[in-house]
């Protein structure tokens, strides 16, 4: 019986192909991916595709088929990574200080924050600014304004409710 007449769909023949080529295919993929887990996954996928197409592939072309499948998987993954990279790059470029639209949105947002804080009741605004801008603790604010910590908490709560209603969570 010649090599050409071996049927890959025969499990013993397939096992022979696997035992003969799996180790070298995995090394080939490890070289490409530089990641053993990905190399193993792609190797297994390659053998699965060979098994699924065993009736279409000649025995003498099995090795070439496996390497072609593995290389195509590598190229597909790289293409996908490039698409992801380009998308991330365009997203990053959109949200950078150099982008005029970003600058305009940022300016509008800051203006809205300033206006909202300015419209707070005096006592609530005072507590909010001491807490968020001057980074004082509630205890320090209470001592500074000669009020209780509970009063500081209540005023801060009131300020945050108004701010969240006007501009969302900050």
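Coordinate-derived values only; no laboratory data. Fair warning: this is a prediction, and the values are worked out from it, not measured in the lab. Note that each Cβ is placed from the backbone with ideal geometry, even for glycine, and that neighbours are counted across all protein chains shown.
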TODO: May I ask you to list the residues in region 100-128 that are surrounded by 15 or more Cβ atoms within 10 Å (Cβ to Cβ), free of Cβ contacts under 8 Å to residues at least 40 places away in the same chain and under 16 Å from residue 166 (Cα atoms)?
DONE: 124, 125, 128
Task: Members of region 54-78 that are within 15 Å of residue 14 (Cβ to Cβ) and out of contact with any helix residue (DSSP H, G or I) (no Cβ under 8 Å at 6 or more places or on another chain) - done: 55, 56, 61
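Report the residue count in region 129-150 for those that are surrounded by 17 or more Cβ atoms within 10 Å (Cβ to Cβ) and within 42 Å of the chain's Cα centre (by Cα).
Narrowing region 129-150 to residues surrounded by 17 or more Cβ atoms within 10 Å (Cβ to Cβ): 130-131, 136, 138, 141-142.
The next check asks that each one be within 42 Å of the chain's Cα centre (by Cα); those that pass are 130-131, 136, 138, 141.
So the count comes out to 5.
Which of the residues spanning region 41-65 are crowded, with 16+ Cβ neighbours inside 10 Å and either without any contact (Cβ under 8 Å) to a residue 40 or more places away in the chain or over 16 Å from residue 7 (Cα atoms) (or both)? First the steps, then the outcome.
Restricting attention to region 41-65, the residues satisfying the condition of being crowded, with 16+ Cβ neighbours inside 10 Å are 42-43, 46-47, 49-50, 54, 57, 59, 62, 65.
Of everything in region 41-65, those that are crowded, with 16+ Cβ neighbours inside 10 Å and either without any contact (Cβ under 8 Å) to a residue 40 or more places away in the chain or over 16 Å from residue 7 (Cα atoms) (or both) turn out to be 42, 43, 46, 47, 49, 65.
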